[in-house]
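**Q** The following block contains the structure, expressed as structure tokens.
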Amino acid sequence: MRRVSEQERILVCVSASPTNADVIHRAAALSDAMGAELIAVYVEDVELRDEAQAQAVHDHLSLAEKHGAMLTTIYGNDPATAIAEYARVSGITKIVLGKSPGRHTRDTLMARLNELAPNVEIIIIPNRLTANTNPSRLFPFLGGERFSFGDLAKTALILAACTGMGFLFSAIGLAITNVVLIYILGVMGVALTTTGYVYSLLSSFLSVLVFNFFFTEPYYSLHSSPDYLATFAVMFTAALLSSSLTSRIKAQTIQTANKAYQTEVLLSTSQLLQKAEDKRSILEVIQRQLSRLLEHSVLCYDCTDTGFADKPMLCEIEGDGGLSGIDLTGERSAAVWAWENAKHAGRTTRMFPDAHCLYMAVRSEGRVWAIIGIRADNAPPIDEYRKNLMISILDECALAVEKDHMTREKQRMEENARQESLRANLLRSISHDLRTPLTSISGNAAILMEDQGQLSEASLKQLYTSIYDDAIWLNGLVENLLTITRTENGTMKLNPQTELVADTVEEALRHVDRNAAHRQIVTDLPEEMLLAQMDAGLIVQVLVNLLNNAVKYTPEGAKIIVGVRREENMALIWVEDDGQGVLPGDEERVFDMFYTGVKRSPDSRRGIGLGLALCKSIVQAHGGEIGVENIEPHGAKFWFTLPIVEVEGYEQ
């Protein structure tokens, strides 16, 4: 196949003519043979009201789209000027027209195009139909309009009012020209209040007759002086022109209002998509906006990495009967085909043309995010302007979904990187900090195995105590590691029950470090029974960590206070010591994972920064808060809160 330059573009004119389908086929064949881009252009006249013609245009545009043509609709009452200007700005090299025998419209169009676009080659496709398939109309210029008794009554009332005003003007002695103006004004009123040219034409004709009958000599007769013939002719022409202009302005106003509404839907879509929080919200926005734009019911299948959604999201309207009466299971094959091939399917397409809905893919490069279905079997066809807006909305939806997907992928990658960093820090800290207690345990065990018989009772007790302390420290470390791991990967599950806060404190005191015996631990518990919804095991672990920290960072004989009190609807629990306190500026950082600060403990085993981070995770999972503050003259106070459970008393 011969290829041409990228500038080669063929324009085929679309119309309601029955021969236009053949013109489109021939233009598509020419485009394929030359490897050129095919563009189908329809010039929409605001005065066209014939539903049959509108349906024919829609069918011809759909045919052009099936042949791969890019569809464009332009507006104007002068097709030649509109097509020539479009050809100029879009670089069209060839224009394909059809020609019907016995009609001169195409000949006139071709002549004007030759004049307006002399640099564009014009190709005429002769008519290949043997007969005209459409019967001729008595008044083709009326566009197939139908009579309405309501509009006919309006016309009669307006002419009657004009006649009454005419009698009034005659009675007060005004010139007859004023009466002529009244009737011209009445014809304009008919054009504004009725639909179609037929009533304007009828009112123009009747106004001349009524004016002749009532206001020219001889009165009450249709006979008049030849001097009035020019007046009648001018009056009829002025009335007809004014009604035509008024009807055209009215039609353009209606069309402008529709286009403004449809454009507003497109603009509001961008704003709503920016507010959408996730993919489902984006798809719901698109459904609502398409339903507003097209006035059709819309369904949506979400397409994920795992496959095609089982059930669609629905957005129904009453205008087309909704979607409840459709067998969506039978429609599914068309939607799946559109998903697998990333193309249109269903109604008005070659694939599954008997389907109730038109299915279109919301896609970006190499990925289909969703399938949109628009009910197209029980509603007026979608014109090309709204179809172009619809495609723009789908493209905007694809960009929004892709952006959301990329944002979530970025967050996932950042989370994975953070998890990997935590794992690396954890392994580094563990490998470094386990070395000291393990070395101590193995060294003391070796001494016991080799020199047990030569050691005194005091030395043996010291070795056993050292091994025990190191083992207990390692056990606490392992407990914290297991809990913090479950917290980070989201597998930690609370088992909340209503517990007495004082009992939880007493349970924690039973598990505190053995060195706590060398400190003075005091409890400050309220007289009232405070109940809280908690996982008792985890809260005990929080208290044990706080108490062991207080023991670790205070000298022997130091005083440690464990207190509980009510603060509104929360139970405040604290552990207070008289040690050196927290370094200024570290009040928030001490709860960060792996943060240990400056080593200020006399203990040879330094922490790896998990205990307080674990406490924070557990307390926040219970809906509470945790913090630390220094106290005067020295010392630190770690506190946390838990929601109180109110228990109602019952009288007998």
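**Q** Which condition from (1) surrounded by 13 or more Cβ atoms within 10 Å (Cβ to Cβ); (2) modelled with pLDDT under 80 is the one that S221 breaks?
**A** Every condition holds for S221 apart from (1).
**Q** Next up: Among the residues of the range 512-553, write down those that are crowded, with 18+ Cβ neighbours inside 10 Å, assigned to a loop (DSSP other than H, G, I, E, B) and in contact (Cβ under 8 Å) with a residue 40 or more places away in the chain.
**A** Answer for the range 512-553, where residues must be crowded, with 18+ Cβ neighbours inside 10 Å, assigned to a loop (DSSP other than H, G, I, E, B) and in contact (Cβ under 8 Å) with a residue 40 or more places away in the chain: D513, R519, L530, D535, Y553.
Residues are listed down the side, and each one gets a yes or a no for (1) within 24 Å of S392 (Cβ to Cβ); (2) surrounded by fewer than 21 Cβ atoms within 10 Å (Cβ to Cβ):
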{"site": "Q289", "(1), (2)": "yes, no"}
{"site": "D302", "(1), (2)": "yes, yes"}
{"site": "G307", "(1), (2)": "no, yes"}
{"site": "M313", "(1), (2)": "yes, yes"}
{"site": "E316", "(1), (2)": "yes, yes"}
{"site": "D327", "(1), (2)": "no, yes"}
{"site": "A334", "(1), (2)": "yes, no"}
{"site": "A342", "(1), (2)": "yes, yes"}
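**Q** Given the residues S200, S204, which is the only one that is modelled with pLDDT under 80, under 29 Å from S17 (Cβ atoms) and open to solvent by less than 60 Å² (accessible area, probe 1.4 Å)? Outline the logic, then answer.
**A** On the way: S204 fails: under 29 Å from S17 (Cβ atoms).
Residue meeting the stated conditions: S200.
**Q** If you check every pair at least six apart or on different chains, which have Cβ atoms under 8 Å apart with a residue in the range 41-58 that is at pLDDT below 80 first and a residue that is among the polar types (S, T, N, Q) and in a loop (DSSP other than H, G, I, E, B) second?
**A** Short answer, once both residue conditions are applied: D45/N77; V46/N77; E47/N77; R49/T195.
**Q** Provide a single number: the residues in the range 159-170 that are open to solvent by 40 Å² or more (accessible area, probe 1.4 Å) and either part of a loop (DSSP other than H, G, I, E, B) or among the polar types (S, T, N, Q) (or both).
**A** Number satisfying all stated conditions: 1.
**Q** Being at pLDDT below 90, open to solvent by 70 Å² or more (accessible area, probe 1.4 Å) and not acidic (D, E) narrows it down to one of V598, V582, V645, V590, so name that one.
**A** Going through V598, V582, V645, V590 in turn, just one is at pLDDT below 90, open to solvent by 70 Å² or more (accessible area, probe 1.4 Å) and not acidic (D, E): V598.
**Q** Restricting to the range 171-194, and then to whatever is hydroxyl-bearing (S, T, Y) and in a helix (DSSP H, G or I), can you tell me which residue is farthest from the chain's Cα centre (by Cα)? Spell out how you get there, then give the answer.
**A** Narrowing the range 171-194 to residues hydroxyl-bearing (S, T, Y): 177, 183, 193-194.
Still in the running and in a helix (DSSP H, G or I): 177, 183, 193.
Values: T177: 62, Y183: 55, T193: 41 Å.
This residue is T177.
**Q** Among residues belonging to the range 361-397 that are among the small types (G, A, S) and over 21 Å from L314 (Cβ atoms), point out the one that is surrounded by the fewest Cβ atoms within 10 Å (Cβ to Cβ). Step through it out loud before you land on a result.
**A** If we filter the range 361-397 for residues that are among the small types (G, A, S), which is where we start, we get 361, 364, 366, 370, 373, 376, 379, 392.
Subsequent filtering for residues that are over 21 Å from L314 (Cβ atoms) retains 364, 366, 392.
On the way: S364: 17, G366: 6, S392: 12.
So, considering only residues that are among the small types (G, A, S) and over 21 Å from L314 (Cβ atoms), the one surrounded by the fewest Cβ atoms within 10 Å (Cβ to Cβ) is G366.
**Q** Determine whether L323 is touching a Leu at 6+ places or on another chain (Cβ under 8 Å) and surrounded by 19 or more Cβ atoms within 10 Å (Cβ to Cβ).
**A** Working: touching a Leu at 6+ places or on another chain (Cβ under 8 Å): yes; surrounded by 19 or more Cβ atoms within 10 Å (Cβ to Cβ): yes.
So L323 passes the test.
The values are calculated or read from the model by the stated rules, or taken from the named source; none is laboratory data. Here the structure is a predicted model, which is why all the values come from computation and not from measurement. Backbone-built Cβ (ideal geometry, glycine too); neighbour counts: all protein chains shown. Calculation scope for accessible area: heavy atoms of the full protein, side chains included, ligands and nucleic acids excluded. Shrake-Rupley method; radii C 1.70, N 1.55, O 1.52, S 1.80 Å.
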